[in-house]
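Comments concern the structure below.
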Amino acid sequence: MNCKISAQEHPSLILTKAGVANIQKELGKVPLLDLSLERIKAEVDAEMALDIDTPIPKDYSGGYTHERHKRNYLTLQKAGILFQILEDEKYAIYIRDMLFQYQEMYKDLPVHPKERSYARGKLFWQCLNDSNWLVYVSQAYDCVYDWLSKKERNQLERDLFRPFADFISIDNPQFFNRVHNHSTWGNAAVGMIGLVMGDEELIDRALYGIKNDGLSPEAKDNDGGFIKTAGKAGFFANIEEPFSPDGYYTEGPYYQRYAMYPFLIFAAGLQNVKPELKIFAYKDSVLVKSVGALINLSDKDGKFFPMNDAQKGMSYYSRELVTAVDIAYHYGGKDPKLLSIAEKQGKVLLDDSGLSIALGIREGKAEPFKKSSINLSDGPNGDLGGVSILRKENVELVFKYTAQGLSHGHYDKLSFMLYDNGTEILQDYGMARFVNIEQKGGGNYLRENDTWAKQTIAHNTLVLNETSHFNGKYEIGSRHHSELFFHDMSSSDINVVSAKESNAYSGTEMHRTMVVLSAVFLDQPVVLDLVKVESKTDNQYDLPFHFLGQVVKVGFAYETPTELQPLGTENGYQHLYLEGRGRSESQNSKLTWLRNGKFYTLTTVSAPDDELLFTRIGANDPEFNLRREGSLVIRRKNRGDTVFVTTIEPHGSYSPVSEFSVGSNSGIKALKLVFDSPAYTVVTIENHEGKVGLFILSNKHNSKLMEHSLSFGNNNYQWTGPYLFIIEKP
């Protein structure tokens, strides 16, 4: 027998009776609220003008049946809101009629005919999308609950909602009892319909997982992801495990964005129906913190940095982030900086939280959300690596030294990406997937996501012996994380982050230090990149830089092949054409390219036997699933211990309208590795006016209080802390 919550009023899940009354009172007085209502009404009215269609499922994402059922649940949720606010019965009738069409179909519906998923749904090809449906539809049901007759409610709950909740949980524990964004959706779906129905058993299942599910604590799905972590499952486990104390979500910002909807919408429902749980205070208010962390993980234009599996272009303008911003503001202390993000989004939820946002904006309470340099830890206790974003003027450098990131993680320890004024300069490829484009693998992950996008060579980080980190094995990578050495973001002239990786390759330690210098001796900020390697064996080292733009000048001799061949045979190398091979005859090798009206020069300290390889994605890709983009790979062979020193320098401009070029040449005259030992590494950067920037790194000691003294040449340097940066004038 199901245990019922004592009688409750409806709506009470996301929209409340008091909230409805407050919204109705403010109609016509709050511009952003009125605009959002107008948009939703037009959208729902257009859908209602069509016949209700609940087709028998047959397609992957992007196909008609998939997209129709998706549009249905989005429309149902919005129709419920309109019914409550406008009190127009036509919206309730529409919801009732569609729900009963689903009820009639669902009672005899088999699992979806597409067999690719580890957990097939019924309405959709995977339980994940079935859970999407129930999360949204539970909100619609809450809005018409009191309008429906008791007989109608009993029929819907008996033949549709309870079987639906049981199917995505009891019948699919490998989907539900898991620490992953998939199960977060499943937990929210079961919990939210449980809250509306007043079903304590469903709510308990959602919060704490299925008891005695028969799964082993370390079971994995066929995507390589965790099903359970040490036996933990349920909504609380999915808050506890993937989120760090800073609010970073271990799967990366793209999937954090996707998961924020069920996290925040279910939390809002719990706050309204079961306030005694104090869900927004759980784990030191991490759900509220996570919204700020996610906004910080976006570029100047609000696009999320594409770490791990990620589609480029996803931003905080998505519907998930409209929800997250509104709910975090309303339930998280009304941070005025969130109002400025909502202003940019230009829409609000039509519920209690959306009203709070709209009123705050109307009353002029918004403050700018200023993004500055930030370090975000990874892991439930903040001790599994992290990600740093170094920001100087328009430059944003994203340095990744995280844990694996569950099944969506990539093999890219100590990788980075670089942005200038919101434009990608050195890219992370992201994922090989065309979401909801049926022609491309049914909108699902493509084979090339494993063979290219996840492989180490697809990222701006070091590759040994043409083999990916952890040999590209999830079960190895998921046991390890990089270690932060130190970070310093306190200076107006210099930001530094330094981290080490000791497990990606046996017997090898990689130590990468990334510095963003403000325009203290060049016209614009410059990036200094130090990669120090200590290895027990001699190796081939490849350090790729995946640049975007048109090559302008190559500062070293090279040859181009008459016939394109892949650079290698596996681990992503099979997808790279070798387009040019060169060697430097000087201490520095340079490459200049043009991107979005600006010049960029990469300068590297060259060893005599370094090879400089131009590559382009596209080999062994007969279906053209990969973008044809280029990179420069610095290859160093037969070395054990070694150091790579590189700068990336924005400079000048070019206008295609005036056809006028300014500052197209690099401002760096010389880049030198002037001293290196196990204890210290010293680099100098000299500009054409003779100014020299000197950077000293302590390789072994990271204490901010430790005093250092180093003599080399005719100079002695003394300082406190893990690094020293000074400018020596001519």
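The values are calculated or read from the model by the stated rules, or taken from the named source; none is laboratory data. Here the structure is a predicted model, which means the values were calculated and not measured. Cβ atoms come from the backbone with ideal geometry, glycine included; neighbour counts cover every protein chain shown.
Taking into account only those residues within the stretch 487-504 that are in a loop (DSSP other than H, G, I, E, B) and among the hydroxyl-bearing types (Ser, Thr, Tyr), which is surrounded by the most Cβ atoms within 10 Å (Cβ to Cβ)?
Applying the first criterion (in a loop (DSSP other than H, G, I, E, B)) to the stretch 487-504 yields 489-493, 502-504.
Checking the rest, the ones that are also among the hydroxyl-bearing types (Ser, Thr, Tyr) come to 490-492, 502.
Values: Ser490: 10, Ser491: 12, Ser492: 8, Ser502: 16.
Ranking the qualifying residues of the stretch 487-504, first place goes to Ser502.
If the condition is being over 26 Å from the mean Cα position of the chain (by Cα), within 14 Å of Ile425 (Cβ to Cβ) and surrounded by fewer than 17 Cβ atoms within 10 Å (Cβ to Cβ), then the stretch 624-652 contributes no residue at all.
Every residue, every condition in (1) within 16 Å of Leu37 (Cα to Cα); (2) modelled with pLDDT of 95 or more; (3) in contact with a Pro (Cβ under 8 Å, 6 or more places away or on another chain), yes or no:
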{"position": "Asp335", "(1), (2), (3)": "no, yes, no"}
{"position": "Leu339", "(1), (2), (3)": "no, yes, no"}
{"position": "Gln345", "(1), (2), (3)": "yes, yes, no"}
{"position": "Val348", "(1), (2), (3)": "yes, yes, no"}
{"position": "Gly354", "(1), (2), (3)": "yes, yes, no"}
{"position": "Glu367", "(1), (2), (3)": "no, yes, yes"}
{"position": "Lys371", "(1), (2), (3)": "no, yes, no"}
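Of everything in the stretch 344-368, what is on the phi < 0 side of the Ramachandran plot, touching a residue at least 60 places away in the same chain (Cβ under 8 Å) and surrounded by fewer than 21 Cβ atoms within 10 Å (Cβ to Cβ)? Give them in sequence order. Write out each step before concluding.
Initially, the stretch 344-368 is screened for residues on the phi < 0 side of the Ramachandran plot, giving 344-345, 347-363, 365-368.
Among the residues that remain, those that are also touching a residue at least 60 places away in the same chain (Cβ under 8 Å) are: 347-355, 357-359, 361-362.
Within the stretch 344-368, Lys347, Leu359, Ile361, Arg362 qualify.
Of the numbered criteria (1) outside any helix (DSSP H, G or I); (2) surrounded by fewer than 19 Cβ atoms within 10 Å (Cβ to Cβ), the one Ile476 fails is (1). Cβ-Cβ distances below 6 Å connect the following pairs, each with a first residue in the stretch 706-730 that is closer than 15 Å to Phe486 by Cα, a second residue that is exposed (fewer than 15 other Cβ atoms within 10 Å of the Cβ) and modelled with pLDDT of 95 or more, and a separation of six or more residues or different chains: Thr720/Glu707; Gly721/Lys704.
Looking only at residues in the stretch 531-559 that are touching a residue at least 24 places away in the same chain (Cβ under 8 Å) and exposed (fewer than 14 other Cβ atoms within 10 Å of the Cβ), which one is farthest from Phe644 (Cα to Cα)? Among those residues, the one meeting the criterion is Gln550. Only one entry in Ala206, Ala140, Ala188, Ala165 is in the same structural domain as Lys58 (by TED's automatic domain parsing) and more than 24 Å from Thr65 (Cα to Cα), namely Ala206.
Give the residue, chosen from Tyr141, Tyr136, Tyr145, that is surrounded by 24 or more Cβ atoms within 10 Å (Cβ to Cβ), hydroxyl-bearing (Ser, Thr, Tyr) and modelled with pLDDT of 95 or more.
Details: Tyr136 fails: surrounded by 24 or more Cβ atoms within 10 Å (Cβ to Cβ); Tyr145 fails: surrounded by 24 or more Cβ atoms within 10 Å (Cβ to Cβ).
Answer to the check: Tyr141.
All of Glu9, Glu26, Glu47, Glu38 fail the test of being closer than 26 Å to Phe263 by Cβ, charged (D, E, K, R) and either surrounded by 13 or more Cβ atoms within 10 Å (Cβ to Cβ) or not assigned by TED's automatic domain parsing to the domain that holds Trp147 (or both), apart from Glu9.
Can you find even one residue in the stretch 507-524 that is in contact with a Phe, Trp or Tyr (Cβ under 7 Å, 6 or more places away or on another chain), surrounded by fewer than 23 Cβ atoms within 10 Å (Cβ to Cβ), of a type in the set (Val, Ile, Thr) and assigned by TED's automatic domain parsing to the domain that holds Val605? No, the stretch 507-524 contains no residue that is in contact with a Phe, Trp or Tyr (Cβ under 7 Å, 6 or more places away or on another chain), surrounded by fewer than 23 Cβ atoms within 10 Å (Cβ to Cβ), of a type in the set (Val, Ile, Thr) and assigned by TED's automatic domain parsing to the domain that holds Val605. Scanning the stretch 415-427 turns up at least one residue that is free of Cβ contacts under 8 Å to residues at least 60 places away in the same chain and under 18 Å from Ser298 (Cα atoms).
If I ask for residues that are outside any helix (DSSP H, G or I) and not aromatic (Phe, Trp, Tyr), which ones from the stretch 281-310 would you list? Explain how you work it out, then say what you get.
Just the residues of the stretch 281-310 that are outside any helix (DSSP H, G or I), to begin with: 297-310.
Within the stretch 281-310, Leu297, Ser298, Asp299, Lys300, Asp301, Gly302, Lys303, Pro306, Met307, Asn308, Asp309, Ala310 meet the criteria.
Checked against (1) touching a helix residue (DSSP H, G or I) at 6+ places or on another chain (Cβ under 8 Å); (2) not assigned by TED's automatic domain parsing to the domain that holds Tyr254, Asn381 passes all but a single condition, namely (1).
Keeping to the stretch 640-669, report how many residues are free of Cβ contacts under 8 Å to residues at least 12 places away in the same chain and either touching a Ser or Thr at 6+ places or on another chain (Cβ under 9 Å) or charged (D, E, K, R) (or both). Even if it seems obvious, please write down each step before you answer.
Filtering the stretch 640-669 for residues free of Cβ contacts under 8 Å to residues at least 12 places away in the same chain gives 657-662.
Adding the requirement that they be either touching a Ser or Thr at 6+ places or on another chain (Cβ under 9 Å) or charged (D, E, K, R) (or both) leaves 659-662.
Result for the stretch 640-669: 4.
Is it fair to say Val395 is crowded, with 24+ Cβ neighbours inside 10 Å and either at pLDDT below 95 or not charged (D, E, K, R) (or both)? Outline the logic, then answer.
Numbers: crowded, with 24+ Cβ neighbours inside 10 Å: no; either at pLDDT below 95 or not charged (D, E, K, R) (or both): yes.
Taking the combined requirement at face value, the residue does not satisfy it.
When only residues in the stretch 451-475 that are out of contact with any strand residue (DSSP E or B) (no Cβ under 9 Å at 6 or more places or on another chain) and in contact (Cβ under 8 Å) with a residue 24 or more places away in the chain count, which is nearest to Leu426 (Cα to Cα)? Looking at residues that are out of contact with any strand residue (DSSP E or B) (no Cβ under 9 Å at 6 or more places or on another chain) and in contact (Cβ under 8 Å) with a residue 24 or more places away in the chain, I get Lys454.
Here is a yes/no grid of residues against (1) over 33 Å from the mean Cα position of the chain (by Cα); (2) in contact (Cβ under 8 Å) with a residue 24 or more places away in the chain; (3) more than 30 Å from Gly360 (Cβ to Cβ):
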| site | (1), (2), (3) |
| --- | --- |
| Leu32 | no, yes, no |
| Lys41 | no, yes, no |
| Ser61 | no, yes, yes |
| His69 | no, yes, yes |
| Gly80 | no, yes, no |
| Lys90 | yes, yes, yes |
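For Gln126, all conditions in the list (1) under 25 Å from Glu43 (Cα atoms); (2) crowded, with 22+ Cβ neighbours inside 10 Å hold save one; what is the number of the exception? Single failed check for Gln126: (1). So, Ala188, is that one of a type outside the set (S, T, N, Q) and outside any loop (DSSP other than H, G, I, E, B) or not? Answer is yes for this residue. Yes or no: Val190 crowded, with 21+ Cβ neighbours inside 10 Å, aliphatic (A, V, I, L, M) and at pLDDT below 95? In short, no.
Just for strands (runs of 3 or more DSSP E) wholly inside the stretch 667-722: which have at least 1 residues that are touching a Pro at 6+ places or on another chain (Cβ under 8 Å)?
Working: elements: 668-676, 680-687, 692-698, 707-712, 715-720.
The strands (runs of 3 or more DSSP E) meeting that bar are 692-698.
Going through the stretch 703-720 one residue at a time, which ones are crowded, with 17+ Cβ neighbours inside 10 Å and of a type outside the set (A, V, I, L, M)?
Of the stretch 703-720, the ones crowded, with 17+ Cβ neighbours inside 10 Å are 708, 710.
Correct list: His708 only.
Applying the criterion of being among the β-branched types (Val, Ile, Thr) and either touching a residue at least 60 places away in the same chain (Cβ under 8 Å) or crowded, with 24+ Cβ neighbours inside 10 Å (or both) to the residues of the stretch 193-215, the residue that is farthest from Glu240 (Cα to Cα) is Val196.
I'm checking my understanding of the structure. Among residues of the stretch 148-173 that are part of a helix (DSSP H, G or I) and either hydrophobic (A, V, I, L, M, F, W, C) or modelled with pLDDT under 95 (or both), which one is farthest from the chain's Cα centre (by Cα)? Restricting to residues being part of a helix (DSSP H, G or I) and either hydrophobic (A, V, I, L, M, F, W, C) or modelled with pLDDT under 95 (or both), the top hit is Leu156.
Does the stretch 265-280 contain any residue that is modelled with pLDDT of 95 or more, basic (Lys, Arg), in a helix (DSSP H, G or I) and surrounded by fewer than 23 Cβ atoms within 10 Å (Cβ to Cβ)? I'd like the intermediate steps shown before the answer.
Here is the first cut: in the stretch 265-280, the ones modelled with pLDDT of 95 or more are 265-280.
Checking which are basic (Lys, Arg) leaves us with 274, 278.
Of the ones still in play, those that are also in a helix (DSSP H, G or I) are none.
Within the stretch 265-280, not a single residue is modelled with pLDDT of 95 or more, basic (Lys, Arg), in a helix (DSSP H, G or I) and surrounded by fewer than 23 Cβ atoms within 10 Å (Cβ to Cβ).
Residues of the stretch 297-311 that are over 19 Å from Ile239 (Cβ atoms) and touching a helix residue (DSSP H, G or I) at 6+ places or on another chain (Cβ under 9 Å): Ser298, Gly302, Phe304, Phe305, Pro306, Met307, Asn308, Asp309, Ala310, Gln311.
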